[in-house]
Amino acid sequence: MGGIQYLKGIGPAKAKLFERLEIFSVADLLHYYPRTYQDRRENAPNQGLNPPSLVVFKGRVLRAQTIPARSVLIFKAFLTDAQNNQIECTWFKRRSFRNFRFDPFAALKKDFKINAEIWVIGRRESRNNFFDNKITVEEYYPVASPDSAWHAGRLTPIYGLTEGLTNKQFRQFMHEALTSAEAQGEPDILPPALADKRGFISSTQALHAIHFPASLAELENARARLAYEEFLLLATAWGVKRTQTKAVAKEYTYQIHKNLLTPFRQNLGFEFTNSQKKVINEIFTDLQSPLPMNRLLQGDVGSGKTIVALSAMLLAAENGYQSALMAPTEILAEQHYLTFQKLLKKLKVPVAVLTSSTKTAERKKILAALADGSLPIVVGTHALLQDDVQFRNLKLAVIDEQHRFGVRQRGKLKEKTARLDLLTMTATPIPRTLALALYGDLSVSTLTELPPGRRPIQTRMADEFQANHLVAEEVQKGRQAYIVYPLIEESESISAKAVTEEFEKLKTIFPQFKLAMLHGQMSRTEKEKVMADFAAHKTDILVATPVIEVGIDVPNATIMVIENAERFGLASLHQLRGRVGRGQYDSQCILVAQHKGSLSRERLNIICETCDGFKIGQRDMQLRGPGEILGTRQSGDFEFKAGDLFKDRNILQWAIEDRDELLADDPLLQKPQHAAFKARLLELYQKNWHLIDLS
Ligand code: ADP
Ligand code: MG
């Protein structure tokens, strides 16, 4: 399309200004999307889009006059709008003493002739909420002038500017660029097969609509199309790079013997969901392929990631390899261990748990068994990363809730797992992981369905008294309840004490019911007994620390009260409440919180509003700010012009899939139908990144 200076009205000086915005070509200009929009439509404007003090109207000039004053010149025009409001518009100009003849209002006088129709965009002069009929004009466009059509009377783009360029100019040049692109019949850059498959509007349509949308719906459509294009271009650039950096093949292979997998499946007591089958398939394919696996498994709380992971670990065990599952907290590690133990008992596959509170003698035994290879499966915390933990034959590492590990641990993890098959799991995918997927370092599997029979959990806030009342109501109906207290400083012993005190109090509040207590300081046999009693409905109310976060599955439990809910992370709250809603009854989760501020209230509101773990992760990030979550990477790496890694995660997933399809078909983009796409790819990435070589 050529350099920006080929547009009418853009000379070398203007071109310099555009360069400051990284706009070098007409294509760059077209892809410089509006920062926001104003609703300047005459009817039914969407006021939510506009700043509160903005006034937009089409008026008719009643009269206009220049008012002389001591040091300034004032021009006033009075207009009526469609509702017959009289609006007073004012302009000020400094008086020029050099050139008395010069009339700074000449243009205004020409435009504001009596009865002329004019679009006016201005600001209310006072900060009053009620309508103020005096405004300061920011932009105006005579209706009769042909170019008013793209400045007013429509959804109007507002651009990020640099000194010397105005929105008005931007719109003019953009209009120019669009017209010339449309006239030249620029080819769509999307590979036609992919555009067809996804049913997107054409590139020119999308560009037109993102700058000058006819409606908000059209705008969203265009944005989605351009987000896809943006993701696909970046994903392809990284995909090409990935195939060009030599990956080191692994020196081992997997055979699917099924001598463990088949009995495992038969002993589960339920069928895998279709989603689990699909994902297990993807993982097994990775394991059997020559390059090490690096796959992210995402799935909401309760979608059944654990047995997917265990299936992979059993495949490793069938092949005589060791595997390790690492969780971010001791409680999670313990819980995974209990689950694994239960599922592996019949298979006679040994499993152990290693954390920093594992007793020395026990630790010694585990380390020896890992070193001689007699322990095929181990579960633990970052204690597994210590240097004296040596495996004989470790081939597969599974990391649960990877984002909850600190940055330093992640580094260590990376170093330790570099040559292994790696499966990471998360219920709350964050941009970092999604971006890695985009960059091609990571493949993604998603569990899209929950096991059958799950019911939405009604969640709300209440005070202690109401909460206890609701618990009593459920238990009287024959249901069971959880009352959960937070961990204090991750210290199980202090938490155990706190929960013991509360437990004594609750016994006096509910004398008619059977209560039991569960916390991390209890011995394994004690814990197992408490859980078994609760599952058998020998007890009504289970008072617990978050040790119940995973692993407990009692369909008759229909209410969970979470005390001091403000102390929990959103992901934990979401995970915890997944313990109810597992049977045929409607279930509820009651959050009892000490409000320390509006932020904590807002966070809890998120949990009340949605049961979708992805949304919860997204809102959590918006509240906490991306910096905290993105870790050491520059947040600029994740800035997209049209796309939003969270909102558009489905589109992102499409782009990643389609990138793989595209490069499988045409690794160097040599086919003629990919020429336009390739040209844009090179234009975008070659100059900055020296990333890709498509020659
Ligand atoms: P998450 O994805 O949150 O880690 P889990 O792996 O802990 O979920 O699974 C949640 C619960 O669902 C567990 O009790 C597990 O036994 C059960 N579960 C997993 N898969 C299925 C299935 N296909 N059918 C029925 N229950 C299942
Ligand atoms: Mg889990």
Placed amide H near Thr424: partners under 5 Å, 5+ positions off or other chain: Arg295, Leu296, Leu297, Ile399
For the range 534-590, what's the relative contact order in percent, using C-alpha pairs closer than 8 Å and at least 6 residues apart? 41
Taking Glu139, Glu501 and ranking on accessible area (1.4 Å, protein atoms only), highest first, one gets Glu501, Glu139
For the range 147-194, what log10 I(q)/I(0) values come out of the Debye formula at q = 0.15, 0.28 1/Å, with one point per alpha carbon and no solvent? -0.55, -1.02
Added length on full extension, which subtracts the Cα-Cα distance from 0.36 nm per residue, Lys641 to Thr243: 140.6 nm
Probe 1.4 Å - accessible area at Thr90, Å² to nearest ten: 10
For the chain, what does -39500 (n - 2.57) per DSSP helix run (n ≥ 4), summed and divided by total residues, give at 222 nm, in deg cm²/dmol to the nearest 500? -12500 deg cm²/dmol
For Val353, the residues 5 or more places away or on another chain with a placed amide H closer than 5 Å to its own amide H are Val379
For Cys589, the accessible surface traced by a 1.4 Å probe with all protein chains present amounts, in square angstrom to the nearest 10, to 0
Across the Cα atoms of the chain, what radius of gyration and what greatest pairwise Cα-Cα distance (Dmax) are found, in Å? 32.0, 101
Accessible area in the full protein assembly, largest first, 1.4 Å probe, for Met425, Met461: Met461, Met425
The range 304-386 - percent relative contact order, Cα under 8 Å, separation 6 or more: 40
Interchain or long-range residues, amide H under 5 Å from Leu73's placed H: Lys93, Arg94, Arg95
Using a 1.4 Å probe, how large is the accessible area of Glu415, given in Å² and rounded to the nearest 10? 130
Ignoring ligands, DNA and RNA, what accessible area per residue does the chain give at 1.4 Å, in Å²? 48
Karplus-derived 3J(HN,Hα), 6.51/-1.76/1.60, for each residue of the range 51-57, Hz, glycine and proline x: x, x, 8, 6, 10, 10, 7
Please report, to one decimal in angstroms, the Kirkwood hydrodynamic radius of the range 209-350 built from all distinct Cα-Cα pairs. 18.6
How large a share of the accessible area of the chain, in percent, is made up of carbon and sulfur atoms when the probe is 1.4 Å and the other protein chains stay in place? 51
So how do Leu190, Leu367 rank on accessible area, 1.4 Å probe, biggest first, that is with the largest at the start? Leu367, Leu190
Under the Karplus curve 6.51 cos²θ - 1.76 cosθ + 1.60, θ = phi - 60°, whole-Hz ³J(HN,Hα) for the range 333-350, x wherever Gly or Pro sits: 4, 4, 5, 4, 4, 4, 4, 4, 4, 4, 6, 9, 3, 5, 7, 6, 9, x
Here the gain from full extension of Ser145 to Gln266, 0.36 nm per residue of separation minus their alpha-carbon distance, amounts to 35.9 nm
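The values are calculated or read from the model by the stated rules, or taken from the named source; none is laboratory data. All of these numbers come straight from a predicted model, not from anything done at the bench. What goes into the accessible areas is simple: the full protein's heavy atoms, side chains included, and nothing from ligands, DNA or RNA. Shrake-Rupley method; radii C 1.70, N 1.55, O 1.52, S 1.80 Å.
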